[in-house]
Amino acid sequence: MKRLLSFVAMLLLLGGSVQAAQPLPGDSVYQLPVQLTGQDGQSQMLSARRGRPQLVTMFYTSCKMVCPLIIDSLRLTRNALDPSIRSQIDLLAVSFDPARDDVATLRSYADKRKLDPRFWTLARAEPAQVRQLSGVLGLQYRQLPDGEFNHSSELILLDGEGRIAARTNVIGRLDPAFVKAITETVSRH
Amino acid sequence: MRALALACLGLLLALPAAAAEYAALPGGTFTSVLPADGKAAPAQVAPFRLRTELVTNAEFLAFVKAHPAWRRDKVARILADARYLTQWASADTLGDEVLPRQPVTRVSWFAAQAYCESERARLPSWYEWEFAAAADATRRDARADPAWRESILGWYSRPSTTALPQIGGAANIYGVRDINGLVWEWVDDFNALMVASDSRDQGDPDLLKFCGAGALSMQDKENYAVLMRIAMLSALKAADTTNNMGFRCAKSD
């Protein structure tokens, strides 16, 4: 039994290294070395999300108007998916505002909005990396003198390799075309 | 002794060419063409240092040799588009057509950032760049002078097919050269300039994404030259490269 277990462990290890050995596509967002720290305080590279399709957006917690709608839209979109598709994707929202969105703030926001940590990650990164991430995702943002941000609001689908497979700027209600794109991308996965 | 001398010579040759020069700029309250709050608030610029010269082909070549991940045949497509450094004869030679002291162009924002990091610097912010570019040889802010505006607009009318001049133009009052009239320049927050002045006020979800030029209130509508810079930068994505887009680096004081 013990031998069998170690054999299985070895297989798992091998499986892991085989995946890691495959080069990342040049148009993958995961080419960018960004370290994210989630609402659970754990840090990992953005590229560690490779292997599972992701719905990604950027937001900040003190934003009163648009950002709650962005989070709602992610939730709406996920709920609209067929359960077999839904179970294969994760949700990631990265803050524009790392100065104010520390881990505790992200955690209390996630609690307040009842965002299930099994598939929701709210994350922060260092300011220079936030700007880089917005660059690869094609999002724009600008801090105002009062500390608020102006920013573009979009949901972005990354395939398992981190390539941008679809995006939508429909916020506050469901975008059926985006739901369809997710279903197709995950089915191909 | 001779061996020692040779070793010393080798060491000297291995050292990078003269370190880049940075000029100290005082910063302060600055009336930008882009109001800080989208209405009329002036920009606050902290004291900073700015590279007196644009980054050249020779300097960028040395960077690429030291950081092969940024060779044009190695770079990830998401960090630099297909035109990246294609003016060079090969991935690690300039060739005869490209002069070492011409500003490097066809570099993406990501590549420019990585270069500046190698100089322990960063890209300037838009406000820092605009602050430095407002000066002429004798004045910190020459922008109200029609002659200053004319001279910059004159550059825009120069055909882009002619070869780029080399660096080393006349210095402005801070000692910064070629900031107007040689190439476009990347800034750190290039993708922050045209964001709608208040995205939080918009009720229609279809409009939430982003309202481009129409939503931006420009402070100084006469200053076409600078407004064209903003339009150019805002049209670009971070991986884009163009014939005339170069960069210089900045440091916080």
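The values are calculated or read from the model by the stated rules, or taken from the named source; none is laboratory data. Being a predicted model, the structure only gives us computed values, none of them experimental. Note that each Cβ is placed from the backbone with ideal geometry, even for glycine, and that neighbours are counted across all protein chains shown.
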Restricted to region A:112-143 and to residues being under 17 Å from A:LEU155 (Cα atoms) and among the aliphatic types (A, V, I, L, M), the residue surrounded by the fewest Cβ atoms within 10 Å (Cβ to Cβ) is A:VAL130
Only residues that are surrounded by fewer than 21 Cβ atoms within 10 Å (Cβ to Cβ) and modelled with pLDDT of 90 or more: list them for region B:205-253, please.
B:LEU236, B:LYS237, B:ASP240, B:THR242, B:ASN243, B:ASN244, B:LYS251, B:SER252
Looking only at region B:42-58, which residues are more than 15 Å from B:GLN113 (Cβ to Cβ) and not β-branched (Val, Ile, Thr)?
B:PRO42, B:ALA43, B:GLN44, B:ALA46, B:PRO47, B:PHE48, B:ARG49, B:LEU50, B:GLU53, B:LEU54, B:ASN57, B:ALA58
In the list B:SER118, B:SER108, which residue meets the criterion of being under 12 Å from the mean Cα position of the chain (by Cα) and either more than 27 Å from B:TYR224 (Cα to Cα) or at pLDDT 95 or above (or both)?
B:SER108
For A:ALA48, work out the one condition from (1) in contact with a Ser or Thr (Cβ under 9 Å, 6 or more places away or on another chain); (2) loosely packed, with under 14 Cβ neighbours inside 10 Å it doesn't fulfil.
(1)
Test: B:ALA135 is small (Gly, Ala, Ser) and either surrounded by 15 or more Cβ atoms within 10 Å (Cβ to Cβ) or on the phi > 0 side of the Ramachandran plot (or both)
yes
(1) at pLDDT below 85; (2) within 30 Å of A:GLY147 (Cβ to Cβ); (3) buried (at least 19 other Cβ atoms within 10 Å of the Cβ): which one isn't true of B:TRP129, the others all being true?
(1)
From A:ARG142, A:ARG173, grab the single residue that is among the basic types (Lys, Arg), within 11 Å of chain B (Cβ to nearest Cβ) and part of a loop (DSSP other than H, G, I, E, B).
A:ARG173
Take region B:20-41 and flag every residue that is loosely packed, with under 15 Cβ neighbours inside 10 Å and either within 12 Å of chain A (Cβ to nearest Cβ) or part of a strand (DSSP E or B) (or both).
B:ALA24, B:GLY28, B:THR29, B:LYS39, B:ALA40
Unmet requirement for A:ASP116, which otherwise passes all of (1) touching a residue at least 12 places away in the same chain (Cβ under 8 Å); (2) away from every other protein chain (no Cβ under 14 Å); (3) not basic (Lys, Arg); (4) not in a helix (DSSP H, G or I):
(1)
For region A:77-88, state whether one or more residues are outside any loop (DSSP other than H, G, I, E, B) and within 14 Å of chain B (Cβ to nearest Cβ).
yes
Going by the conditions given, is B:VAL183 out of contact with any strand residue (DSSP E or B) (no Cβ under 7 Å at 6 or more places or on another chain) and either of a type in the set (Val, Ile, Thr) or within 14 Å of chain A (Cβ to nearest Cβ) (or both)?
no
Hey, can you tell me all the residues within region B:152-179 that are aliphatic (A, V, I, L, M) and at pLDDT 85 or above?
B:LEU164, B:ILE167, B:ALA170, B:ALA171, B:ILE173, B:VAL176, B:ILE179
Which of the residues spanning region A:119-139 are in contact with a strand residue (DSSP E or B) (Cβ under 9 Å, 6 or more places away or on another chain), within 12 Å of chain B (Cβ to nearest Cβ) and not charged (D, E, K, R)?
A:ALA128, A:GLN129, A:VAL130, A:LEU133, A:SER134, A:VAL136, A:LEU137, A:GLY138, A:LEU139
If you scan region A:26-49, which residues turn out to be more than 14 Å from every other protein chain (Cβ to nearest Cβ) and either in a helix (DSSP H, G or I) or touching an Asp or Glu at 6+ places or on another chain (Cβ under 7 Å) (or both)?
A:ALA48, A:ARG49
Checking the condition within 14 Å of chain A (Cβ to nearest Cβ), farther than 16 Å from B:GLU185 by Cα and either among the hydrophobic types (A, V, I, L, M, F, W, C) or crowded, with 19+ Cβ neighbours inside 10 Å (or both), which residue from B:LEU99, B:LEU79, B:LEU123 passes?
B:LEU79
Of the residues in region B:64-82, those that are outside any loop (DSSP other than H, G, I, E, B) and within 21 Å of the chain's Cα centre (by Cα) number 2
With the requirement that a residue be among the polar types (S, T, N, Q), closer than 24 Å to B:ALA58 by Cβ and either within 14 Å of chain A (Cβ to nearest Cβ) or without any contact (Cβ under 8 Å) to a residue 40 or more places away in the chain (or both), what does region B:228-246 give you?
B:THR241
